[in-house]
Amino acid sequence: MQSLELCPRPVLAIVVPEEEAVAPGRARQSLWRRSTGRLLTLALIVFIIRVFVGEASVVPTASMEGTILVGDHLFMDKLLYGPEIPLTRWRLPMIKSVHRGNIVVFHYPKDPSETFLKRVAAVGGDTIEIRNGILYVNSQPVREPYAVHQGPLHTEHEDMKPITVPQGKLFVMGDNRDNSSDSREWGFVPVKNVIGKPLFVYWSYDAPSSRWLDENFEHRVEFYGSIMGNFFSHTRWSRTGTIL
């Protein structure tokens, strides 16, 4: 009988060259690079949204009370009126023009580093006056269900002689007419100063103007600590989602 010799099957060995082996240090470095890249991408997206699309802000004064309260946190549409391009004097084209009755956020003409929130009472070419506390635009009385009179700065029956708003300018006023520093006091707002339009209230916290305006570091830390402790009791839940 013929004997058969069993031959073992060949075994394939995979040899990883020494230079291709991934050292632990290189793995950590690769992970760090990926994480950094993701963070930078996220930061860039947030920057683009904040500069060109929308921004959140808090209302620290009562000049718009009746419509917007002290402590309302608003989300603002910056794309609508043509956002500014950082570090340049350029801005993107407006999607929509500013109209009478719009609530707008703008750079304060006397100090562009400050931002104000007011309602547009008249636009370029309009003639505006106040008689016996009633607003007239182009000789027609304006119905203002949002206007209130409850503050120290102006009296309800304070008159203003007719003035014509120059082209490219706006005449703005706070809804809380007697507690608002506005165009009646410091003049017109250039349309180019408009930053955006508030869309809705995403959170409202009941605290006085003095707390929101206080820039002292220790006081602000104390205030933010008090917000954490009183979040549920001082939040105005009914205002969440209020459309403006």
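Remarks
- Going by neighbour counts of Cβ atoms within 10 Å, the residues F217, F200 line up, fewest first, as F217, F200.
- Fully extended contour minus Cα-Cα distance, from S226 to E158, at 0.36 nm per residue: 20.5 nm
- Filter on K161/K192; K96/K192; K118/K161; K161/K197; K78/K110 - keep pairs with C-alpha separation over 19 Å: K161/K192; K118/K161; K161/K197; K78/K110
- For the stretch 230-244, Karplus couplings with θ = phi - 60° (6.51, -1.76, 1.60), whole Hz, Gly/Pro x: 10, 3, 6, 6, 9, 6, 8, 4, 5, 8, 4, x, 4, 7, 10
- Each Cα pair under 8 Å and six or more residues apart adds its separation to the average, and for the stretch 81-125 the resulting relative contact order is 30 percent.
- T240 versus E185: modelled label distance in nm, points set 7 Å from Cα along the beta carbon direction: 3.4 nm
- Each peptide in 160-170, 174-184, 112-122 was scored by the mean count of other Cβ atoms within 10 Å over its residues; highest first, the order is 174-184, 112-122, 160-170.
- Overall form of the stretch 53-142 per C-alpha gyration tensor (a/c, 1.5; a/b vs b/c): oblate
- Likely footprinting exposure, Y81, Y108, Y224, fewest C-beta neighbours within 10 Å first: Y224, Y108, Y81
- For the stretch 66-113, the square roots a ≥ b ≥ c of the C-alpha gyration tensor eigenvalues yield an a/c of 1.5 or more together with a/b exceeding b/c, which makes the shape prolate.
Rule-based calculations on the coordinates, nothing more; no lab input. What you see is a predicted model; the values in this text were computed from it and never measured. Here Cβ is always computed from backbone atoms with ideal geometry, including for glycine, and neighbour counts include all displayed protein chains.
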